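To start, the structure itself, in structure tokens.
The values are calculated or read from the model by the stated rules, or taken from the named source; none is laboratory data. The structure displayed is predicted, hence computed values, not measured ones. Please note: Cβ atoms are built from the backbone with ideal geometry, for glycine as well, and neighbour counts cover all protein chains shown.
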Amino acid sequence: MKFNSLHHYSALRPQAGTSSLWLVFWSISVGMFWGAPSHAQVQVQAQAQTQTLAATKPTVKSVKPPQLKVLHEGRDVIWGFDFLSENEVVLTERKGELKILRLDVPTSQASRVIRVEGAPKVWAKGQGGLLDVRVHPEKKNWIYLTYSAPLAKGGATALGLGRIEREAKGARLVEWRELFRSDAGGTSGVHFGSRIEFRREANAWWLYMSIGDRDERDLAQSLKAHNGKILRLNLEGRAGSDNPFAGQAQAHAEIWSLGHRSPQGLARNPTTDELWMAEMGPRGGDELNLVKRGANYGWPKLTYGREYWGPSIGEGATQAGFESPVAHWVPSISPSGMAWVSSDKIPAWKGSLLMGTLSGTHVRRLVLKGAQVSQQEVLFADQGQRFRALREGPDGWMYFATDAGLLGRIE
Ligand SMILES: [Ca+2]
């Protein structure tokens, strides 16, 4: 397996460092900005860290370790992917390319990868660009894309729909329409969201979409901004009339939940129909959450994380009236795309939640009992990959995509 070693944009967080290094950095930062901490202070911090780690440390290992089988080596971050058919994967590259990977064509043939012309123009800066892709739940070859739409200044997370048409020597996105443009715009290059998930409710499909705070953290608490929210839209990109804040004049009707920071994981549990999400916290404080209608997840008022330069944020970690995370991670692992395992291709994994991590450079398998994480397993930590997206394929195997441009199957 060959990995390329391009430099990739980092989410401004400690890179796969050890907790002790992190602690040293924390101590130095605190020392520089707030006066050196006493020995006792450092010990208390160390204890708190150990306790947090103890609560979230991996506890299980798969009997026969699965392997990563690389099916495609690109050059850009693969932000999202989905299956057009059993053998065709549609994928987004963050700088703006939309491609089809044909798994039934030998790797030696150029036609294995098809460029799809006509993808929307994107503002590809920092974490922005062409983001998630999902195949329409009912209409073959129709795809939804999220992306940072270019503004006069900067970009705003948007959602659009188009149809992939095959041509003699390629493919083209036709009948493209932008369905929804959020007001989470600006020149900041961080926290765009924007994972897409579908759920069928009372005979209709609904599209859920995550939006990051765009570094305007206070807006995550405002019902008049799309920043830091999960939205619930119909398949035409319009707010549900039964959305929790739909009747309020001073609120955006699209909002389903609020108080999120940088949500890049969103996955419906096929067994329970619950919607689960993962978001990156500040330094520490990454969260796994069970998404509830109209609930407030706290950011930036509540968090387990701290500022990168040391001081605490907000008013603590939990408070009545706010949803607490089901799990949190200190130090950061930077959760990104995630997917539930419904097949029994790897029997021990059935019913687990697989979460890709960026700075953590591993895939984390979570076993949930109700709304509690009962077991965790760290997978593929030796590969040095930032795992951006995960999805279960039509064949029942789990597929992954990385920031180094790899797409493959776990088997
Ligand atoms: Ca939270």
> Among the residues of region 303-325, is any away from the ligand (no atom under 16 Å from the Cβ), free of Cβ contacts under 8 Å to residues at least 12 places away in the same chain, not hydroxyl-bearing (Ser, Thr, Tyr) and not in a strand (DSSP E or B)?
Replying inline: no
> When the residues of region 80-95 are filtered to those that are more than 15 Å from TRP142 (Cα to Cα) and part of a strand (DSSP E or B), which remaining residue is nearest to the chain's Cα centre (by Cα)?
Replying inline: GLY80
> Going by the conditions given, is VAL367 among the β-branched types (Val, Ile, Thr), over 18 Å from the mean Cα position of the chain (by Cα) and either in a helix (DSSP H, G or I) or within 16 Å of the ligand (Cβ to nearest atom) (or both)?
Replying inline: no
>> Which residue is nearest to the chain's Cα centre (by Cα), if the candidates are limited to region 289-301 and must be surrounded by 22 or more Cβ atoms within 10 Å (Cβ to Cβ) and within 10 Å of the ligand (Cβ to nearest atom)?
In response: ASN289
> Within region 249-268, is there a residue that is part of a strand (DSSP E or B) and among the charged types (D, E, K, R)?
Replying inline: yes
> Which of the following residues is under 24 Å from PHE400 (Cβ atoms), part of a loop (DSSP other than H, G, I, E, B) and aliphatic (A, V, I, L, M): ALA124, ALA152, ALA171?
Replying inline: ALA124
> Taking region 326-342, which residues are within 11 Å of the ligand (Cβ to nearest atom) and of a type outside the set (A, V, I, L, M, F, W, C)?
Replying inline: HIS328
>> Can you tell me which condition PRO244 does not meet? The list is (1) away from the ligand (no atom under 14 Å from the Cβ); (2) under 21 Å from ALA339 (Cβ atoms), and all the others hold.
In response: (2)
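A quick yes/no check of all residues on (1) surrounded by fewer than 22 Cβ atoms within 10 Å (Cβ to Cβ); (2) β-branched (Val, Ile, Thr); (3) modelled with pLDDT of 95 or more; (4) out of contact with any helix residue (DSSP H, G or I) (no Cβ under 9 Å at 6 or more places or on another chain):
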position	(1), (2), (3), (4)
THR357	no, yes, yes, yes
VAL363	no, yes, yes, no
ALA381	yes, no, yes, yes
GLU392	yes, no, yes, yes
> Within region 67-82, which residues are surrounded by fewer than 19 Cβ atoms within 10 Å (Cβ to Cβ), in contact with a strand residue (DSSP E or B) (Cβ under 7 Å, 6 or more places away or on another chain) and either of a type outside the set (A, V, I, L, M) or on the phi > 0 side of the Ramachandran plot (or both)?
Replying inline: LYS69, GLU73
>> So ALA40 ticks every box in (1) in a helix (DSSP H, G or I); (2) modelled with pLDDT of 95 or more but one. Which box is left unticked?
In response: (2)
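Table: residues versus (1) part of a strand (DSSP E or B); (2) under 17 Å from the mean Cα position of the chain (by Cα).
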| position | (1), (2) |
| --- | --- |
| SER188 | no, no |
| PHE192 | no, yes |
| MET209 | yes, yes |
| ASN227 | no, yes |
| ARG232 | yes, yes |
| PRO270 | no, no |
